[in-house]
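**Q** Shown below is the structure under consideration.
Computed from the coordinates by the stated procedures, all read-outs in this text should not be read as laboratory data. All values derive from a computational prediction rather than experimental measurement. As a convention, Cβ positions derive from the backbone with ideal geometry for all residues, glycine included, and neighbour counts pool all protein chains shown.
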Amino acid sequence: MKVLTSTVLRAFLSFVVVACVALPTARATADEDPLRLSLLNAAAKGGAEAHATINDFLKKSDDIKSTSQDEVWSYASKELGLEEKDFRSSALREQNADNFKELMKELDLEAVLIIDVFGKGKKFQLVAIGPSGREVADIRRDVNRGRLSKDDAKGVLKDTFKELVPNVRDFRDKGGWSAEDEEQEVLLPEEEEVEEEETEDLSLKEKAIKKREGKYKALAPGAKLQAGLLLGRRSLTMTSESGFELTHSSPFAGFGGKFDAIFTQLGTDSAIGGTIFGGYAPFTTIFAETATYPSQYARIGAELKYIKGFSPEFLLQVFGGAEAMSVTIEKNPFYTGNRYIMARLGVGILYQVGPILLEIAGAVLPVFNVNNSAGAFGETEGLALAFEPMGGLSFGITDEISALLRYSGQFYSVDYPSPVVLADPAKSTDVVHTGMVAIGYGL
């Protein structure tokens, strides 16, 4: 009976090789379970298209049961402390053989296929990890920009399964994961109790440490440039005790940009980075309902940031820097605009769910210099304070490209104790709302 079962299993697993290439519509043998595996994109950059091409072949085969890579990445990171580089590096794959075996056992997998693209997108690699947790195949191809043709995908799968099938066949012949469990239970009663207790304590400690060293993709060194359409509205009101009142309210549209970079990673769960941002928008100011004056909004700033990861999804950032913001209006007898120079101190949260990144933050802006209408309203008294709530939502389209929506609101309150053009003190409230629709590109 064992010989018959082994023969049937050999026939089934051999058929899998053909199944992956020819995309069969029917199961090779109705009484055999499909090959259980997961295809992972571990490329640091540019592996998405090759992953999609190969994954399409696997999904169309009834003889393969594929587990989502998101499920595998989540377990590997949270429970075993594994990072993508542990799957990408041959040396680290060998060091983590036991972890890979535990991963496959817990998720009931018989193989893990790992994709990598390197050499500036010119080299493709598919590595197969068998049930032992060790590498059983390493197939490579020359490609262009990480793209794998359908013919190459078929050839890669054929070569990979040629090496993987015998490995899985032996694993099944020996009883699969159930046989692994039975071997662990063959201990003397006293010996089993002591070893179980020690192993459990060690496992808990190791998992706690590795969980803290989990993978935080947002902390990986790199840079992203974002640029797009800037929309906004500015509203200023100035009053004095004697009844003076000046208002300036105008919408504007222009362009904005933001450059984010992670300079260095501190350990495995924190990093130091920086941001440069700016925007410009021309518009027209109308005074006395008839007089029009060319005007412009401009903003530029920079900040350093410290980011701390508490889970692969949730991160906290603290930042500080400086910026200048101005609204200028062509020379006229009424009002020629404001310029603010200020520091930036703030805190925010980042929440990553798959390709979606949500950012919510707030900042205090100590204003060191205010220029109102070329000094017509005099110097300000003391240190003025402004506040800025902000938020952003980005969606990853590919590994390099993302779409971004961003909002910022700045609220200024300034006192002018000795205006040059007024007989008594004045005060102003200035509110600027801006929104940006942009495209981001990872560098």
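**Q** Could the peptides 224-231, 419-426 be put in order, highest first, of the mean number of other beta-carbon atoms found within 10 Å of their residues?
**A** 224-231, 419-426
**Q** Of all the Cα-Cα pairs you can form in the range 217-442, what percent are over 25 Å apart?
**A** Values: 11311 of 25425 pairs.
Everything past 25 Å amounts to 44 percent.
**Q** At most 10 other Cβ atoms within 10 Å and a DSSP loop assignment: could you name the chymotrypsin sites (Phe, Trp or Tyr not before Pro) in the range 65-151 that fit?
**A** Sites meeting the loop and neighbour criteria: none at all.
**Q** Next up: R0 = 30 Å: FRET efficiency of Val431 with Thr292, Cβ-based, nearest 0.05?
**A** With R0 = 30 Å, the Cβ-Cβ based efficiency is 0.85.
**Q** On a full-extension model of 0.36 nm per residue, what is the gain between Ala223 and Asp33, subtracting their alpha-carbon distance, rounded to one decimal in nm?
**A** Between Ala223 and Asp33, full extension yields an extra 63.9 nm.
**Q** Between Rg and the Kirkwood Rh of the range 370-443, both from Cα atoms, what is the Rg to Rh ratio?
**A** Checking Rg against Rh, the ratio lands at 1.27.
**Q** Under the Kirkwood approximation for Rh and a Cα-based Rg, what ratio Rg/Rh is obtained for the range 271-316?
**A** Numbers: Rg = 19.9 Å, Rh = 14.3 Å.
Computed over Cα atoms, the ratio is 1.39.
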